[in-house]
Amino acid sequence: MKATINGVSIAYEDTGQGMPVILLHGFPLDHRMWRNQIEALQIAYRVITPDFRGMGGSDVPKDNITMDQYADDVLALMDQLQVEKAVLGGFSMGGYVAFSLLRKAPKRFTAVVLADTRPEADSQEARKNRMTMAASLFEKGAIAARDAMMPRLLSEDAQLAKLDLVNELGRTIGSMEPEGLVHACLAMAFRKDSVPLLPSINVPTLVIVGEKDAITPPDVMKQMADRIPQSRMIHIPGAAHLTPMEKPEEFNTALLEFLKDLA
């Protein structure tokens, strides 16, 4: 599906019926990373999974973009789909956009799921790494993101044992428009610090982290969870960063239990 949002075409999936659940993907992926969650949730929930502009099937930005602009696209899509309130979930970069949404329109979200993400702004070193990635994307194309990210998205065990998943991820990342990924790199590099926001998140919040996540380690995410008043934290054993795809059964169990408790 596609919608014209803020002057650009935004791709999204809208599946199932019931309480709306919006899931925001990470870098360098698109809404397809949520296929296992869509399958598990659509029986009882309305699952909405947009592609950020410049990624997946959405238009590539013509100008620099920020996390706030990604968030504006999500809010405009909610308006088009007549979704007044929803559960908001974000993985990694999607979590950064979720923080922006919670600053902009906190009353539109009844609960939050933060998976393998962090609230802090980038350090100088992390910002430099994003600049290096952006330059590499211009030079080599999306393969630069694939080669840099793949070893960090999945655990060593999954890289050896789940070849279908490895190949799927390689195809997904390789299909991205390099310039769209460059925009995402820049937006992440200069995003706002969301640590001051955390104590004001006053809805039930599920924090999920892979036990072997080296990008957003469990101790970092525990510090985040401790600052959110109504949070609970779940560790996914054996998983690295990409918990929704590496360990979908465990991820879905935690997510469904959380959603059931909301009802």
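Calculation over all alpha carbon pairs of segment 171-233 in 5 angstrom steps from 0 returns a P(r) of 3, 15, 17, 16, 18, 16, 10, 5 percent.
Largest mean-square fluctuation among Gly16, Gly56, Gly89, in a Gaussian network model of the chain whose springs join Cα atoms under 10 Å apart, belongs to Gly16.
For segment 168-189 versus segment 212-251, the inter-centroid distance based on Cα atoms is 23 Å.
With one equal scatterer per alpha carbon and no solvent term, the Debye-computed log10 I(q)/I(0) for segment 1-128 at 0.11, 0.14, 0.15 1/Å reads -0.34, -0.56, -0.65. Output the antiparallel fraction of DSSP beta bridges having both residues in the chain, as a percent to the nearest 5. Around 25 percent of the beta bridges assigned by DSSP in the chain are antiparallel ones.
Order Asp73, Asp164 by their accessible area, 1.4 angstrom probe, all chains in place, largest first.
Values: Asp73 10, Asp164 125 Å².
Ranked list, largest accessible area first: Asp164, Asp73.
For the chain, with a Gaussian network of springs between Cα atoms less than 10 Å apart, report the residue from Ala187, Ala214, Ala86 with the top mean-square fluctuation. Taking springs between Cα atoms under 10 Å, the residue moving most is Ala214. For segment 29-88, the equivalent ellipsoid derived from the alpha-carbon gyration tensor has semi-axes of 23, 15, 8 Å in decreasing order.
Which value, in Å³ per residue, describes the convex hull spanned by the Cα atoms of segment 209-252? Mind showing how you got there, number by number?
Values: hull volume 2.7 nm³, N = 44.
Residue-normalised Cα hull volume stands at 61 Å³.
Taking only the alpha-carbon positions of segment 125-177 and ignoring solvent, what does the Debye formula give for the base-10 log of I(q)/I(0) at q = 0.18, 0.20, 0.31, 0.32 Å⁻¹? Rounded to two decimals, the profile gives -0.62, -0.73, -1.14, -1.17. Evaluated with a Cβ-only charge set (Lys, Arg +1; Asp, Glu -1), segment 1-125 carries a dipole of roughly 340 debye about its Cα centre, given to the nearest 20.
For the chain, the Cβ-based charge dipole about the Cα centre amounts to some 480 debye (Lys, Arg positive; Asp, Glu negative; other atoms uncharged).
Would you calculate the separation in nanometres between label points at Asp164 and Gln82, each defined as 7 Å from the Cα along the Cα-to-beta-carbon direction? Taking the simple label geometry, Asp164 and Gln82 are separated by 3.8 nm.
What do you get for Rg/Rh of the chain when both radii come from the Cα atoms and Rh is the Kirkwood radius?
Numbers: Rg = 16.8 Å, Rh = 18.1 Å.
Taking Rh as the inverse mean 1/r over Cα pairs, Rg/Rh reads 0.93.
Comparing Met67, Met150, Met188, which has the greatest mean-square fluctuation in the GNM of the chain with Cα pairs linked when under 10 Å apart? In this elastic network of the chain, the residue with the biggest mean-square fluctuation among Met67, Met150, Met188 is Met150. For segment 4-24, backbone nitrogen atoms closer than 17 Å to the point 7 Å from Lys104 Cα along Cα-to-C-beta are found at 4-12, 22-24. Over segment 110-263, the reciprocal of the mean inverse Cα-Cα separation, the Kirkwood hydrodynamic radius, stands at 16.7 Å.
Legend: Rg and Dmax of segment 82-177, from Cα coordinates, 16.4, 44 Å.
Between the alpha-carbon centers of segment 1-44 and segment 83-102, tell me the distance in whole angstrom. If you average the Cα positions of each part, the centres end up 12 Å apart. Averaged over its residues, segment 85-227 has an accessible area of 44 Å² per residue, based on protein heavy atoms and a 1.4 Å probe. Calculate the translational D of segment 1-61 in whole µm² s⁻¹ from Stokes-Einstein, where the hydrodynamic radius comes from the Kirkwood formula applied to all Cα pairs, the temperature is 37 °C and the viscosity 0.692 mPa s. After rounding, the answer is 281 µm²/s.
The values are calculated or read from the model by the stated rules, or taken from the named source; none is laboratory data. The model shown is predicted, which means the values in this text are computed figures rather than measured ones. Note that we place each Cβ from the backbone using ideal geometry, even for glycine, and neighbour counts take in every protein chain shown. Ligands, DNA and RNA are excluded from the accessible area calculation, which covers all protein heavy atoms including side chains. Shrake-Rupley method; radii C 1.70, N 1.55, O 1.52, S 1.80 Å.
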